[in-house]
Amino acid sequence: MFSKNRTPVPLTKKEFKLVMKNGQYLKRSEGLVKYIKQSEIKYGIAISKRVGNAVTRNLVKRWLRTIIKQKLRLCEDLWIVIIMYAKDNSYSTLDIMVDEIIESTKKNGNLQN
């Protein structure tokens with residue numbers, strides 16, 4: 001069932017660690033996605049230094065936040081952590097990745113590969 005507040009909010013440090021420790025995962029060439037089904041929508045983003053300098057990493061984070069806020073409203077309630085480590089990331093690549101994550105959770109609820 002959908003929660004009252006459909007706007008995704010950032011995870012706290014404690015919640016981030018919980019997702020990293022106990023979450024199911026999806027590995028992709030661009031990065032790793034971990035998630036736990038919960039009663040609300042929350043997200044966390046970690047960008048490796050391999051992605052580029054601080055300006056590039058912040059750009060990728062802004063893109064991901066925008067995509068997450070637009071698309072996760074349509075998803076079931078979960079806490080999600082996206083860890084990016086690939087150098088070549090475009091907005092469209094990140095958009096497709098988030099779409100695949102949402103489809104995987106809708107299909108069977110299990111992202112493990």
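Here, each number is a calculation from the coordinates, and none is a lab measurement. Values in this document were obtained by computation on a predicted structure and should not be read as measured data. Every residue, glycine among them, receives a Cβ derived from its backbone with ideal geometry; neighbour counts consider all protein chains shown.
Tabulated data
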item: Unsatisfied cross-links (Cα-Cα over 21 Å) in the set Lys13/Lys106; Lys34/Lys61; Lys13/Lys69; Lys42/Lys71; Lys49/Lys69; result: Lys13/Lys106; Lys49/Lys69
item: Using θ = phi - 60° and Karplus 6.51 cos²θ - 1.76 cosθ + 1.60, couplings along the stretch 37-51 (whole Hz; Gly, Pro as x); result: 6, 9, 8, 8, 9, 9, 9, x, 10, 10, 10, 6, 5, 5, 5
item: Volume per residue that the Cα convex hull of the chain spans, once the total is divided by residue count, Å³; result: 97 Å³
item: The stretch 9-107, relative contact order in percent, only Cα pairs under 8 angstrom and at least six apart counted; result: 35 percent
item: Gain in span if fully extended, Glu103 to Ala54, counting 0.36 nm per residue against the direct Cα distance; result: 14.5 nm
item: Of all DSSP beta bridges in the chain, antiparallel share, percent nearest 5; result: 60 percent
item: Rounded if a/c under 1.5, otherwise prolate or oblate - the stretch 45-88, Cα gyration tensor axes; result: prolate
item: Sorted by Cβ neighbour density within 10 Å, fewest at the top, the residues Met97, Met20; result: Met20, Met97
item: Leu74 paired with Thr7, simple spin-label distance in nm, labels 7 Å along Cα-to-beta-carbon; result: 2.1 nm
item: Alpha-carbon centroids, the stretch 2-41 and the stretch 42-78: separation in whole Å; result: 12 Å
item: In nm, spacing of pseudo-spin labels at Gln38 and Arg65 (7 Å Cα→C-beta vector); result: 1.8 nm
item: Other-chain or far-sequence residues with amide H under 5 Å of Gly44's (modelled H); result: Leu11, Ile80, Val81, Ile82
